[in-house]
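Following: one structure in structure tokens, then a few remarks.
The values are calculated or read from the model by the stated rules, or taken from the named source; none is laboratory data. Keep in mind it's a predicted model, so treat the numbers as computed, not measured. Heads up, the Cβs are rebuilt from the backbone with ideal geometry, glycines too, and the neighbour counts pull from every protein chain shown. These area figures cover heavy atoms from the full protein model, side chains too; ligands, DNA and RNA do not enter into them. Shrake-Rupley method; radii C 1.70, N 1.55, O 1.52, S 1.80 Å.
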Amino acid sequence: MNLPNKLTTTRMIMVVPFVICLLGGHARWGWFVALFGGVLEYMDWVALVIFVVASLTDLLDGRIARKYHMITNFGKFMDPLADKILVCAALICLTDIGRIPSWVVIIIVSREFIISGFRLVASDNGIVIAASMWGKYKTTFQMIMIILMIADIDILAPVTTLVMWIALALTVISLVDYIGKNRQVLSDFR
């Protein structure tokens, strides 16, 4: 368990307090209100800090692993999984509290499932599908979108909407790009 793997594991663990804080501040769970009643109005900001820290671990673990040659099978499997869990949890919570339309979340989550399945078939055939620049742009805009939606600052609403549309477009573009560049994987579906 090297440092990048510890960061990945930490990111996965951080999903739990993130979800509790984001939903707890809105759901008014009895036990949550009893514990945090006086600070419920700040729970979005606590959730935001947790999300930002978790997102930063995503940046760090990959860079550290590549720079210090600490790439492991655990990291190859768990790092993208941790990213998907964090983003999907955030999007589902944001849908629940009414900050993002469910159809946007369906498109984003569907893309993640399609690419994960696509990569699984490719790896079974010895093909490694590298992350593309479109995928990296997609991730960046999704993270920015989620941060803006958690913060929910009225004056930034037009910016948040614009970033959502850009993230959505990049989600579709990156899907088409992955499949287009790796068409040979599709031959295994026949």
Under a Cβ-Cβ cut-off of 15 Å, what is the net charge of the residues other than Ile150 that fall near it, where Lys and Arg count +1 and Asp and Glu count -1?
-4
From phi via Karplus (6.51, -1.76, 1.60), per-residue ³J(HN,Hα) for region 140-157 in Hz, x at Gly/Pro
4, 5, 5, 5, 4, 4, 5, 4, 5, 6, 5, 4, 6, 8, 3, 5, 9, 3
Measuring from a point 7 Å past the Cα of Tyr68 along Cα-to-C-beta, which residues in region 1-19 have an amide N at less than 14 Å?
1-8
Using the Cα centre as the reference, give the magnitude of the dipole from point charges on the C-beta atoms of region 1-83 (Lys, Arg: +1; Asp, Glu: -1; all else neutral), rounded to the nearest 20 debye.
320
Can you list the HN-Hα couplings for region 161-167, worked out from phi with the Karplus curve (6.51, -1.76, 1.60; θ = phi - 60°), rounded to whole Hz and with x for Gly and Pro?
5, 4, 5, 4, 5, 5, 4
With no solvent and one equal point scatterer placed on each C-alpha of region 146-190, evaluate the Debye formula and give log10 I(q)/I(0) for q = 0.15, 0.20, 0.26 Å⁻¹, two decimals.
-0.53, -0.67, -0.87
Options [x] 56, 38, 27; [y] 43, 42, 32; [z] 52, 41, 26 are given for Cα extents along the principal axes in Å, and the computed one is [x]
Accessible area per residue, Å², the chain with all protein chains present, probe 1.4 Å:
56
I'd like the carbon and sulfur percentage of the solvent accessible area for the chain, probe radius 1.4 Å, heavy atoms only, ligands and nucleic acids excluded.
70
Where a Cα-Cα gap under 23 Å defines reach, which lysines qualify for Lys6, not counting those fewer than 8 residues away within the same chain?
Lys67, Lys76, Lys84, Lys136
Radius 13 Å from Cβ of Ala54, net charge of other residues (Lys, Arg +1; Asp, Glu -1):
-2
More than 14 angstrom separation, counting every C-alpha pair in region 47-125; what % is that?
70
